[in-house]
Amino acid sequence: MSRDEQTWEAWEPHETADAHYALFAKDRRVVVDDGTPIAYAFRNQGGKKVPVLFANGWSCSDAYWAGLVPALEDQGHPCLIPDTRGHGRSGLPRPAGRGARNLTVDDVSMPRIARDLLAVLDDAGVERALVVGHSMGVQTTLEAYRAGADRVAGMILIAGTAENPTRSFYGQSIGHHAFPVGAAIVRNVPEVLSPIWQIIGPAGPGHFAARVARAAGPKTRPSDLHPYLLHLRSTDPAVLVLTASAMREHSAVDLLPSVASPTLVLAAGADVFTPARCSEAIHHGIADSELITFPRAGHTLPVEEPEAIARAIEYFVARRINPPSRRRSATRSTKTSR
């Protein structure tokens, strides 16, 4: 029987699956249109400022928002923090199977994940939100805008790209060409990663490895990455590879000229995954967007600079989301030394 001919039930993690690493309890759940359960937290519901919806990066947990969520709550923003499908407490439309053989790229595509984000807004009764996306979350945020521009009050795009990130990985395109080989190995012989996956978790070695690979910026601490590493260990590597394939096939470059929502782009000058030029390309593609560059920060920018990002968002929202009368918005490109 083929996958299309078989009747599947959605897969959902156990209710305590994320108990040892989640920073924000995902106490809400919405079943989206393909049957996938999406778990999310809805914090500071009585806040008077524009609600904020967070779009996670590839393989990321809520650890990346550890400092930013409380800062935005203090400013008065309600905060919606979903787990990406196949991550944390969020499920999948069917059990992944060995090497994620039961899933397709469409099941984890950027437009698909974007529709999950909009479904969270619907379930929470939020009409419009400021969407904050990091890394892959930049791609899904742009697709959320494509699918429901009227739902997006504004966008904060952090250390990401509008298209295939493997072409800019470590400043080279070799990742794009090598990816299919690695993906085929992981999906056809998933056991090859078992020894590596079993040792993921200890904060010290994980932080050291991330620093050596330049995946983590200089301001990250082992304690910052520990919840993320525990989350990574609990996530099916084949699902991660399939999601990376979806990122590789995606492009929202065509969308950029038509974006009308206020947009703030945050670039990390020392980012080797999505170099600052990727953020700069988004900034130049979206008319009247604003750009702030953190020259010394890496791809872990939300972890490294949550206070500075929160201040930038507060200033941006005051001017662009709830603009004072008689004040014209102007394109601004600055560099902030950190």
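The values are calculated or read from the model by the stated rules, or taken from the named source; none is laboratory data. In this text the structure is predicted, and so the values were computed from the model without any measurement. Counting neighbours? That spans all protein chains shown, and the Cβs are built from the backbone with ideal geometry, glycine included.
Let's see how each residue does on (1) at pLDDT below 95; (2) among the acidic types (Asp, Glu); (3) in contact with a Gly (Cβ under 9 Å, 6 or more places away or on another chain); (4) at positive phi:
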residue: 256; (1), (2), (3), (4): no, no, yes, no
residue: 274; (1), (2), (3), (4): yes, no, yes, no
residue: 284; (1), (2), (3), (4): no, no, no, no
residue: 292; (1), (2), (3), (4): no, no, no, no
residue: 316; (1), (2), (3), (4): no, no, yes, no
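Within segment 317-327, can you find the residues that are of a type in the set (S, T, N, Q) and free of Cβ contacts under 8 Å to residues at least 60 places away in the same chain?
Scanning segment 317-327 gives a single hit, 325.
Among (1) crowded, with 22+ Cβ neighbours inside 10 Å; (2) touching a residue at least 60 places away in the same chain (Cβ under 8 Å); (3) under 15 Å from the mean Cα position of the chain (by Cα); (4) not in a strand (DSSP E or B), which single condition is residue 38 missing?
(4)
Which one of 166, 243, 235, 220 is modelled with pLDDT of 65 or more and within 26 Å of residue 290 (Cβ to Cβ)?
Within the list 166, 243, 235, 220, the selection yields 220.
Under the condition of being among the small types (Gly, Ala, Ser) and at pLDDT below 95, which residue from segment 98-118 is surrounded by the fewest Cβ atoms within 10 Å (Cβ to Cβ)?
Top of the filtered list is 99.
Kindly indicate whether residue 320 is at pLDDT 95 or above, surrounded by 17 or more Cβ atoms within 10 Å (Cβ to Cβ) and among the basic types (Lys, Arg).
In short, yes.
Residues that are free of Cβ contacts under 8 Å to residues at least 24 places away in the same chain and under 22 Å from residue 141 (Cβ atoms): list the helices (runs of 4 or more DSSP H) wholly contained in segment 204-316 that include at least 2 such residues.
Result: 276-285, 306-316.
Of all residues in segment 225-234, which are in contact with a Gly (Cβ under 9 Å, 6 or more places away or on another chain) and buried (at least 20 other Cβ atoms within 10 Å of the Cβ)?
Of everything in segment 225-234, those that are in contact with a Gly (Cβ under 9 Å, 6 or more places away or on another chain) and buried (at least 20 other Cβ atoms within 10 Å of the Cβ) turn out to be 225, 228, 229, 230, 231, 232.
Suppose the filter is surrounded by fewer than 20 Cβ atoms within 10 Å (Cβ to Cβ), at pLDDT 95 or above and either charged (D, E, K, R) or over 23 Å from residue 231 (Cα atoms) (or both); does residue 151 pass it?
When the stated conditions are applied, residue 151 passes them.
Failed condition for residue 310, given (1) surrounded by fewer than 20 Cβ atoms within 10 Å (Cβ to Cβ); (2) among the small types (Gly, Ala, Ser); (3) farther than 18 Å from residue 216 by Cβ; (4) at pLDDT 95 or above, with all others met?
Among (1) surrounded by fewer than 20 Cβ atoms within 10 Å (Cβ to Cβ); (2) among the small types (Gly, Ala, Ser); (3) farther than 18 Å from residue 216 by Cβ; (4) at pLDDT 95 or above, residue 310 violates only (1).
Could you go through segment 63-75 and let me know if any residue there is surrounded by 18 or more Cβ atoms within 10 Å (Cβ to Cβ), farther than 23 Å from residue 318 by Cα and either of a type outside the set (Gly, Ala, Ser) or without any contact (Cβ under 8 Å) to a residue 24 or more places away in the chain (or both).
There is at least one residue in segment 63-75 that is surrounded by 18 or more Cβ atoms within 10 Å (Cβ to Cβ), farther than 23 Å from residue 318 by Cα and either of a type outside the set (Gly, Ala, Ser) or without any contact (Cβ under 8 Å) to a residue 24 or more places away in the chain (or both).
Please tell me if residue 52 is crowded, with 16+ Cβ neighbours inside 10 Å, touching a residue at least 12 places away in the same chain (Cβ under 8 Å), in contact with a Cys (Cβ under 8 Å, 6 or more places away or on another chain) and among the aliphatic types (A, V, I, L, M).
Yes.
Does residue 80 count as surrounded by 15 or more Cβ atoms within 10 Å (Cβ to Cβ), touching a Leu at 6+ places or on another chain (Cβ under 8 Å) and not acidic (Asp, Glu)?
Criteria met by residue 80.
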